[in-house]
1. Taking the criterion of being more than 16 Å from residue 210 (Cα to Cα), within 16 Å of the ligand (Cβ to nearest atom) and modelled with pLDDT of 95 or more, would at least one residue in segment 109-128 satisfy it?
2. Within segment 215-235, which residues are near the ligand (Cβ under 10 Å from one of its atoms), crowded, with 20+ Cβ neighbours inside 10 Å and not in a helix (DSSP H, G or I)?
3. Tell me, which residue of segment 80-105 that is more than 17 Å from residue 242 (Cβ to Cβ) and not in a helix (DSSP H, G or I) is farthest from the ligand (Cβ to nearest atom)?
4. Working only within segment 129-157, note down all residues that are within 16 Å of the ligand (Cβ to nearest atom) and part of a helix (DSSP H, G or I).
5. Which pairs have Cβ atoms under 8 Å, sit 6 or more apart or on different chains, and link a residue in segment 248-265 that is on the phi > 0 side of the Ramachandran plot to one that is surrounded by 17 or more Cβ atoms within 10 Å (Cβ to Cβ) and assigned to a helix (DSSP H, G or I)?
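The values are calculated or read from the model by the stated rules, or taken from the named source; none is laboratory data. Please read these numbers as outputs of a predicted model, since none were measured by experiment. Here the Cβ positions follow ideal geometry from the backbone for every residue, glycine too, while neighbour counts run over all protein chains shown.
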Ligand SMILES: C[S@@+](CC[C@H](N)C(=O)[O-])C[C@H]1O[C@@H](n2cnc3c(N)ncnc32)[C@H](O)[C@@H]1O
């Protein structure tokens, strides 16, 4: 049964969903903001518990937005917004909107990785694209084929945390242009000999390069850094925020902002619900390998704050 589901290119299994429900604890009538609604996996679980109270579902991907618009056509209380979450959060704050439940499940969805034409996958050949929002200009091809060696090195070091950033950057500059994901991945793999091993799974040698390109094309860390304080502001008193990240740089950022606003300070805005990040158990990892690197952190807004 699971195999059939996974064969559907548009299927995405929501990660850590039991924990999301535990920490958000949705109640009938509570308002919900989903900043990365994707194909609505978490959203449907939450909305069935809030009884479709007023909600906003945000995604920057036009395919996801089309899907959500169709899925919630009969529910006018559920608003679908095509936007990045930084801009959407600014607009919601400006209009004075506040929510009882907020979720951000960061990164890409399974359809991004499964549809070769989106250019995210190392495993399947596609154009060097990697844009979550198909309407933006910057693609991975622009970075790979036009950035200087120094810029590429710094990118691979910063977002890929790859110790071989100099070698990879030089190789790219000397061998470009690259048109497809496979051309780039095979070429880089050729100079990096063998994959590193993480436990029993071998990862492709170009994994960190692909990760770095994706993070830059979609401005992922900057979006998160600018948005986290706004999400705390968007919470009603007593409201809960959960953030699921898949990268140590993201998790560090979430932890830092939660600690700055929470912790033991007398004037804390929030109480931290997860002293340590919540991770998937062995069963979930087998059922949904994407959950392997997921980390969930959650806070509740302190009631007597403005
Ligand atoms: C991990 S998936 C979310 C899956 C969703 N929770 C579910 O259960 O179906 C992440 C989604 O967030 C979107 N996304 C990532 N970064 C975004 C951003 N900065 N602004 C808006 N959407 C973003 C992606 O397009 C993708 O659809």
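1. No, there is no match, as no residue in segment 109-128 is more than 16 Å from residue 210 (Cα to Cα), within 16 Å of the ligand (Cβ to nearest atom) and modelled with pLDDT of 95 or more.
2. The answer is 218, and nothing else.
3. The qualifying residue farthest from the ligand (Cβ to nearest atom) is 96.
4. The answer is 140, and nothing else.
5. none
Every residue, every condition in (1) in contact with a helix residue (DSSP H, G or I) (Cβ under 6 Å, 6 or more places away or on another chain); (2) closer than 21 Å to residue 159 by Cα; (3) not assigned by TED's automatic domain parsing to the domain that holds residue 27, yes or no:
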residue	(1), (2), (3)
232	yes, no, no
239	no, no, no
244	no, yes, no
255	no, yes, no
275	no, no, no
278	yes, no, no
281	no, no, no
